[in-house]
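Asks: Before I ask anything, let me first share the structure, which is written out below as structure tokens.
Coordinate-derived values only; no laboratory data. Everything quoted here is computed from the prediction, not taken from an experiment.
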């Protein structure tokens, strides 16, 4: 199943005080892959009224907390800093939890998206079902990618779902590695093969990858099902 999972992982191309994300009002909460430039959204959109822009984060958190209050299978946790700015938010619904109970043996912990207007990292927890389709387990927004942030996030994930995945797949982020080791003590941590192979040309050089059959040969080794660990090492 690990091989199937890696093949599916493609480019992740009225409160007393208002909770805010940044001093300036963001224009959009569209999530895009990091490094992708997008033009500014049309601020004349009927949803981006001045009232909404001023309180949109407060409204979002309020709506999620209401769902948590009225829906027994809905989870939502958030954290604000000393200035009452939202710095961490996690949520998951009943369908996501049902997905996790069935397909949560392997989980992708993906933080390769960033919100277009808020400059927050959008974190996805996903898996694959028995038809090789992606299924969602939960989502989060975080300001900083520190071990402290990811430990907070994984603890609330564990609180919401009640069990650790057998395998956690991530990119090579050191903060993720540290958080997983401390919180998911019963899980095996593996690196996402797509991210590893995506960095291949940076590690060995563009010339070697593009002008020889090196890349084809190494892909044949990496994506094979027939090699044993001993044969691979040889």
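Asks: Determine the distance separating the Cα centre of segment 204-234 from the Cα centre of segment 140-167; give it in Å without decimals.
Replies: Spelled out, the Cα-based centre of one part sits 34 Å from the other.
Asks: If I model segment 108-174 as equal point scatterers sitting on the Cα atoms and use the Debye formula, what is log10 I(q)/I(0) at q = 0.13, 0.22, 0.23 Å⁻¹?
Replies: Log10 I(q)/I(0), no solvent term: -0.38, -1.06, -1.14.
Asks: So, one more: In Å and whole numbers, how far do the C-alpha atoms of segment 120-216 stretch along each principal axis, longest first?
Replies: 50, 34, 27
Asks: With the Cα gyration tensor of segment 57-111 in hand, convert its eigenvalues to equivalent ellipsoid semi-axes via √(5λ) and list them largest first in whole Å.
Replies: On the way: eigenvalues 119, 51, 10 Å².
Working through the eigenvalues yields semi-axes of 24, 16, 7 Å.
Asks: At 1.002 mPa s and 20 °C, plugging the Kirkwood radius over alpha-carbon pairs of segment 181-223 into Stokes-Einstein gives what diffusion coefficient in µm²/s?
Replies: Values: Rh = 12.2 Å.
The diffusion coefficient I find is 176 µm²/s.
Asks: Give me the tail of P(r) for segment 159-234 as a percent: Cα-Cα pairs with distance above 19 Å.
Replies: Working: 1548 of 2850 pairs.
Here the tail beyond 19 Å accounts for 54 percent of pairs.
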